[in-house]
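Here the structure is laid out as structure tokens; the discussion comes afterwards.
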2 protein chains.
Amino acid sequence: MQLDDSNRITIVEVAQYAGVSTATVSRVINKTGPVLPETAAKVYAAIEALNYKPNAAARGLASRRTNAIGLLVDEINSEFFQPMLRGIEVTARASGMSLLISSTGGMDKATPPYPLGENNTDGLIIFADSLPQEEILRLHKIGLPMVLLHRSSPPNLNIPCVTVENKIGARRMVDYLIEERGYRKIAFLEGPDSHEDAYWRKLGYQESLAAHNIPFDPKLVSLGGFDEAQAHLSVSHWVEQGLKAKVIFAADDDSAIGAMIALKEAELRIPEDIALVGFDDIRLAAYLDPPLTTVRAPIEQAARIAVEQLVKVIHGEEVELKTLLPTELVIRRSCGCC
Amino acid sequence: MQLDDSNRITIVEVAQYAGVSTATVSRVINKTGPVLPETAAKVYAAIEALNYKPNAAARGLASRRTNAIGLLVDEINSEFFQPMLRGIEVTARASGMSLLISSTGGMDKATPPYPLGENNTDGLIIFADSLPQEEILRLHKIGLPMVLLHRSSPPNLNIPCVTVENKIGARRMVDYLIEERGYRKIAFLEGPDSHEDAYWRKLGYQESLAAHNIPFDPKLVSLGGFDEAQAHLSVSHWVEQGLKAKVIFAADDDSAIGAMIALKEAELRIPEDIALVGFDDIRLAAYLDPPLTTVRAPIEQAARIAVEQLVKVIHGEEVELKTLLPTELVIRRSCGCC
DNA sequence: TAATCTGATGTAAGCGCTTACATAGCATAT
DNA sequence: ATATGCTATGTAAGCGCTTACATCAGATTA
């Protein structure tokens, strides 16, 4: 079955039915320009009677606005994703914007074309390393509104970005492990190079060590990759080679899960034999066995703010260039606290 | 900063640069109609040189196709959502379609306008009860391609639908609890009325009871609502009133989690004091304490198939009217198996 | 009273594409 | 040699809206 072309209702039919011009119908729909209440009523009645729906493409072509925002992510695989998407979807809808989503995970990120951009959105939320800096530069140059989420602006571009206190969060976690729990040898499962959250979290880890006069030991660092399987692998290697740490700090909860599984396979008790902490506080964290000590990141809130800012930028308003949301230590059993 | 209108590159500039007409450029881009290889090469060179991107709105207006599909969900809250979205996004992108997402959770579902429909998509994936039957009827009448996901077609409409073997899955679970584990009193945390998965799962539960000559006891049924908080509440009530069942079958894993928490609060041991099983096998299930026995539903696969079918319908091809994917019992500790 | 302004509406020119139709060149069939 | 068909390309008419500009009636001002 095909869309029935024959009796398609356009603004022209509405205008005729209401006995006004198309311009007036448009004014009523978009609430632009002055219209007599009675005229508006007639138009609304016509819209209702004919069951008219404005064609988004025609609107977009004429007004040069799509009324859509795009969300670019690398992959839809982490638990992280769900609260982020909820925040974005809800806020976009509340702002009257459609939401287009695309992941760049499967494709060669260095090579255009990218699925979302100036030709099909009014602006973009760019998550972490979903888009290469080169393309961000290009979009910035042509003036496409953008907000970066969990990523900071390339130097001198002043693209608004929203992220969480990664460094401070990691710093506090390690401070806690050292000061409250008495650990000195703290292994670190770092995130992927390309991901900025990973960079700051590692820095927080290093700063805390330095502040406590603990030398940084590269042997205590391995790749967690923000990924369960990768972390599993790395921790298994550590175990085989006799890791000397008494606690593992995974740079995100997904890698903490991988670590937890590897440790259980090696029949190490958590936290008695080795403690384990993560970062993000995804929903799973509280339900793990033992429940995971972690750093709570306000993922959904960051997403909401990013969309609010994007909408403002699209409307030509000024926004905060850098929004850093606070993180919070969440103590559960996996760190040996109780 | 605004999009730079002055030197916008359109198909006209490309045509001039390449020394051909706009029709030829269009033919090259869309691979419609015959074009000499050398001509095509010139056009590609022009596109490259000018960094031309076709305007989606203009394309849509002229061709009457948006090249976008819409996904309508009720709420983005369950773990269920992530694998589903991944399946949909990946398949949509592979088919060259943009993906628009909207949830109808916050709004009054009975009342238009709906955010996604014939004016901004070529077709819709409608998840469960995200859209009232009335609107589905309207869209069907005007011929908008649709595929229903985890919901079956209204009578006589023959809208393709993709779902999982809910009834058989539930039936097998209860068969297993009765035959292998020896339970006779099996409490059931049912899903929300509006959700079709809930209906079939309950039916499977009832069928198994009947097949084993166990009378159906309404007192053993309470609302889980596919929701952690709701299940928590219901199970707490049960505990207060002295539930006589030795096992709880939660109609989905989210409600199983709520049940688990309520049971732990009541200091009941799982599975020694009371066993617990769920449905879906969300990622969390394996990590709970104890790991949750459940029915695995191929959520991502169902999503992929739904998009594949939708794309076929959009292209005017025939598709299966009803796709039922097999579910599978996943035995873990929470049922008292080991 | 004439001049001016304001509010309500209409007219029509695009927005940037796709595509039906026209055209032209050339090979093949008659 | 003319007719026929096919390939490659161009011309131009929209697609369904928005919006700059024009118009006109009535209110306000000098």
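Any chance you could count how many residues in the stretch A:228-253 are more than 25 Å from A:GLY182 (Cα to Cα) and buried (at least 21 other Cβ atoms within 10 Å of the Cβ)? The qualifying residues number 1.
The residue list B:GLU134, B:GLU89 contains one member that is more than 7 Å from chain A (Cβ to nearest Cβ) and of a type outside the set (A, V, I, L, M, F, W, C), which is B:GLU134. Scanning the stretch B:103-120 for residues that are crowded, with 23+ Cβ neighbours inside 10 Å and farther than 24 Å from A:TYR44 by Cα yields a total of 1.
Quick one: in the stretch A:92-101, of everything that is within 17 Å of A:ALA302 (Cβ to Cβ) and either in contact (Cβ under 8 Å) with a residue 40 or more places away in the chain or assigned to a loop (DSSP other than H, G, I, E, B) (or both), which residue is nearest to the other protein chains (Cβ to nearest Cβ)? Once the filter is applied, the top-ranked residue is A:ALA92.
Mind listing just one residue for me: the one in the stretch B:51-67 that is at the interface with chain A (Cβ under 7 Å from one of its Cβ atoms) and within 30 Å of the chain's Cα centre (by Cα) and, of those, nearest to A:PRO112 (Cα to Cα)? So that I can check it myself, show each step before the final result.
We begin by selecting, within the stretch B:51-67, every residue at the interface with chain A (Cβ under 7 Å from one of its Cβ atoms); these are B:53-58, B:60-61, B:66.
Keeping just the survivors that are within 30 Å of the chain's Cα centre (by Cα) gives B:56-57, B:60-61, B:66.
Details: B:ALA56: 16, B:ALA57: 20, B:GLY60: 21, B:LEU61: 25, B:THR66: 21 Å.
Here the residue is B:ALA56.
Residue under question is A:GLY70, and the condition is that it be of a type outside the set (S, T, N, Q), touching a Lys or Arg at 6+ places or on another chain (Cβ under 7 Å), open to solvent by less than 10 Å² (accessible area, probe 1.4 Å) and on the phi < 0 side of the Ramachandran plot; does it hold? Here the answer is no, as A:GLY70 does not meet what is asked.
Here are B:VAL14, B:VAL20, B:VAL28: which of them is closer than 21 Å to A:PRO112 by Cα, open to solvent by less than 50 Å² (accessible area, probe 1.4 Å), away from every other protein chain (no Cβ under 14 Å) and out of contact with any strand residue (DSSP E or B) (no Cβ under 7 Å at 6 or more places or on another chain)? Lay out the reasoning, then the answer.
Details: B:VAL14 fails: away from every other protein chain (no Cβ under 14 Å); B:VAL20 fails: closer than 21 Å to A:PRO112 by Cα.
When all the criteria are applied, what remains is B:VAL28.
Restricting the stretch B:31-61 to residues that are closer than 24 Å to B:SER98 by Cβ and more than 12 Å from DNA strand C (Cβ to nearest atom) leaves a set whose member that is surrounded by the fewest Cβ atoms within 10 Å (Cβ to Cβ) is B:GLU48.
With respect to (1) within 13 Å of chain A (Cβ to nearest Cβ); (2) closer than 30 Å to B:LEU263 by Cβ, the lone exception for B:ASN119 is condition (2).
Taking A:ASP280 as the residue in question, decide whether it is of a type in the set (D, E, K, R) and modelled with pLDDT under 95. Don't jump to the end; show me each part of the working.
Values: of a type in the set (D, E, K, R): yes; modelled with pLDDT under 95: no.
For A:ASP280, the condition - of a type in the set (D, E, K, R) and modelled with pLDDT under 95 - is not met.
Out of everything in the stretch A:273-289 that is farther than 16 Å from A:ILE261 by Cβ and open to solvent by less than 10 Å² (accessible area, probe 1.4 Å), what residue ends up being farthest from the other protein chains (Cβ to nearest Cβ)?
For the stretch A:273-289, the residue satisfying everything is A:PHE279.
Pairing residues of the stretch B:39-50 that are more than 14 Å from chain A (Cβ to nearest Cβ) with residues that are away from DNA strand C (no atom under 12 Å from the Cβ), at Cβ distances under 6 Å and at least 6 apart in sequence or on separate chains, gives B:LYS42/B:ALA18; B:VAL43/B:ALA18; B:ALA46/B:TYR17; B:ALA46/B:ALA18.
Close Cβ contacts (under 6 Å, 6 or more residues apart or on different chains) running from residues in the stretch B:229-241 that are closer than 10 Å to B:LEU263 by Cα to residues that are of a type in the set (Val, Ile, Thr) comprise B:HIS232/B:ILE261. In the set (1) within 10 Å of chain A (Cβ to nearest Cβ); (2) within 30 Å of B:ALA245 (Cβ to Cβ), B:ALA170 fails one condition alone, (1). For B:THR104, the test of being more than 8 Å from every other protein chain (Cβ to nearest Cβ), more than 10 Å from DNA strand C (Cβ to nearest atom) and modelled with pLDDT of 95 or more is failed.
Do we have any residue at all in the stretch A:205-225 that's in contact with an Asp or Glu (Cβ under 8 Å, 6 or more places away or on another chain), open to solvent by 50 Å² or more (accessible area, probe 1.4 Å) and within 27 Å of A:ASN77 (Cα to Cα)? Yes, the stretch A:205-225 contains a residue that is in contact with an Asp or Glu (Cβ under 8 Å, 6 or more places away or on another chain), open to solvent by 50 Å² or more (accessible area, probe 1.4 Å) and within 27 Å of A:ASN77 (Cα to Cα).
Of the helices (runs of 4 or more DSSP H) contained entirely in the stretch A:1-81, those carrying at least 3 residues that are more than 10 Å from DNA strand D (Cβ to nearest atom) and not basic (Lys, Arg) fall at A:11-18, A:37-50. So, A:LEU292, is that one among the aliphatic types (A, V, I, L, M) and either open to solvent by 40 Å² or more (accessible area, probe 1.4 Å) or in contact with a helix residue (DSSP H, G or I) (Cβ under 7 Å, 6 or more places away or on another chain) (or both) or not? Yes; evaluated as a whole, the condition is true for this residue.
Residue-level check: of (1) open to solvent by 70 Å² or more (accessible area, probe 1.4 Å); (2) outside the structural domain of B:ARG86 (by TED's automatic domain parsing), B:GLU320 misses just (2).
Inspect all residues belonging to the stretch A:304-313 and state whether any of them is among the polar types (S, T, N, Q) and not assigned by TED's automatic domain parsing to the domain that holds A:VAL239. Yes, some residue in the stretch A:304-313 is among the polar types (S, T, N, Q) and not assigned by TED's automatic domain parsing to the domain that holds A:VAL239.
The values are calculated or read from the model by the stated rules, or taken from the named source; none is laboratory data. Keep in mind the model is a prediction, meaning the values are calculated, not measured. When we count neighbours, we look across all protein chains shown, and the Cβ atoms used for this are built from the backbone with ideal geometry, even at glycine. The area values use the complete protein model at the heavy-atom level, side chains included, leaving out ligands, DNA and RNA. Shrake-Rupley method; radii C 1.70, N 1.55, O 1.52, S 1.80 Å.
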